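Structure first, then comments.
The values are calculated or read from the model by the stated rules, or taken from the named source; none is laboratory data. Bear in mind that the values here come from a model prediction, so they are computed numbers and not experimental data. When we count neighbours, we look across all protein chains shown, and the Cβ atoms used for this are built from the backbone with ideal geometry, even at glycine. SASA here: full protein model, heavy atoms, side chains in, ligands and nucleic acids out. Shrake-Rupley method; radii C 1.70, N 1.55, O 1.52, S 1.80 Å.
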Amino acid sequence: MKAVILLSGGLDSSTILYKAKMDGCECYAISFDYQQRHRRELQSALLVGQKAGVIKHQVVNFDLRQWGGSALTDNAIDLPQERSLDEMAQDIPVTYVPARNTIFLSFALSYAEAIAAERVYIGVNALDYSGYPDCRPDYIQAMQEVFRLGTKQGREGEPINIVAPLITLKKTEIIQLGNQLGVPWELTWSCYAGGDVACGVCDSCRLRLAAFAELGLVDPVAYSF
């Protein structure tokens, strides 16, 4: 079975790559250089893909800084720092990139149909404190219908399936799953800040560090503090 894996190089996407491997899939990775603040993640995506032995790794280039609208694509918008988990849960943060997963899934769908893949894996998680609208079950269900209606494969009765194995898991459960699968955490990257060393104070770093700490584990990634 062929599968396209949305691979950012982060904790969640690296876990789904290894999950797809465990599911017996031939894995084709796709990553995105959209001129994001944290383009450093692409280095990790390539390293994780190599470690996992993906058959091919595509990196798609486009520029979402042309219209911004997010702290990840507009340097004029400050990146949230040192927020508590409760603060993160209050509303959709400025790190939300408008329609990002719709863009990503559209590229992945095109790639999947071009190579006659049966699945697209995405590491969305509805329990993350961020509450991004394009990481929720109803969104994935709607996109599955788009996959069915908008492709030749789908109209011919063989739709490409979206697989989102982490969508109802807590971050601690994702780490536990990754440990079972042998995900190389030391190669992964979650920081939004854009430096060469993870900042440890952005929302993404704090969520990651809190989950490792809750499990009594040490995150092998280096932090600047």
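Does Val120 satisfy the condition of being out of contact with any strand residue (DSSP E or B) (no Cβ under 6 Å at 6 or more places or on another chain) and of a type outside the set (Ser, Thr, Tyr)?
Criteria not met by Val120.
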Would you mind telling me which numbered condition in (1) modelled with pLDDT under 95; (2) over 23 Å from Glu87 (Cβ atoms) Glu186 fails? (1)
When Asn125 is run through (1) of a type in the set (S, T, N, Q); (2) at pLDDT 95 or above; (3) within 13 Å of the chain's Cα centre (by Cα), the failure sits at (2)
Screening Ala222, Ala198 for residues that are at negative phi and surrounded by fewer than 15 Cβ atoms within 10 Å (Cβ to Cβ) leaves only Ala222
Looking only at segment 39-59, which residues are in contact with a strand residue (DSSP E or B) (Cβ under 9 Å, 6 or more places away or on another chain) and crowded, with 21+ Cβ neighbours inside 10 Å? Glu41, Ala45, Val48, Gly49, Ala52, Val54
Pick out the one residue from Ser130, Ser110 that is polar (S, T, N, Q), over 16 Å from the mean Cα position of the chain (by Cα) and either at pLDDT 95 or above or open to solvent by less than 40 Å² (accessible area, probe 1.4 Å) (or both). Ser110
Would you be able to say whether some residue in segment 77-92 is assigned to a loop (DSSP other than H, G, I, E, B), open to solvent by less than 60 Å² (accessible area, probe 1.4 Å), over 23 Å from Ala126 (Cα atoms) and of a type outside the set (Ser, Thr, Tyr)? yes
Lone qualifier among Ile77, Ile30 - being free of Cβ contacts under 8 Å to residues at least 24 places away in the same chain and not acidic (Asp, Glu): Ile77
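Anything in segment 3-61 that is in a loop (DSSP other than H, G, I, E, B), among the hydrophobic types (A, V, I, L, M, F, W, C) and more than 20 Å from Trp185 (Cα to Cα)? List them, or say none. Step through it out loud before you land on a result.
Just the residues of segment 3-61 that are in a loop (DSSP other than H, G, I, E, B), to begin with: 7-10, 23-25, 34-40, 53-55.
The next check asks that each one be among the hydrophobic types (A, V, I, L, M, F, W, C); those that pass are 7, 25, 54-55.
Those that are in a loop (DSSP other than H, G, I, E, B), among the hydrophobic types (A, V, I, L, M, F, W, C) and more than 20 Å from Trp185 (Cα to Cα): Cys25, Ile55.
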Where the second residue is not in a helix (DSSP H, G or I) and the first is open to solvent by 70 Å² or more (accessible area, probe 1.4 Å) and lies in segment 137-150, which pairs have Cβ atoms under 8 Å and are six or more apart or on separate chains? Arg148/Pro159
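Looking at segment 165-176, can you tell me whether even one residue there is of a type in the set (Lys, Arg) and open to solvent by less than 50 Å² (accessible area, probe 1.4 Å)?
Going residue by residue through segment 165-176, those that are of a type in the set (Lys, Arg) are 170-171.
Then drop every residue that is not open to solvent by less than 50 Å² (accessible area, probe 1.4 Å), which leaves 171.
Yes, some residue in segment 165-176 is of a type in the set (Lys, Arg) and open to solvent by less than 50 Å² (accessible area, probe 1.4 Å).
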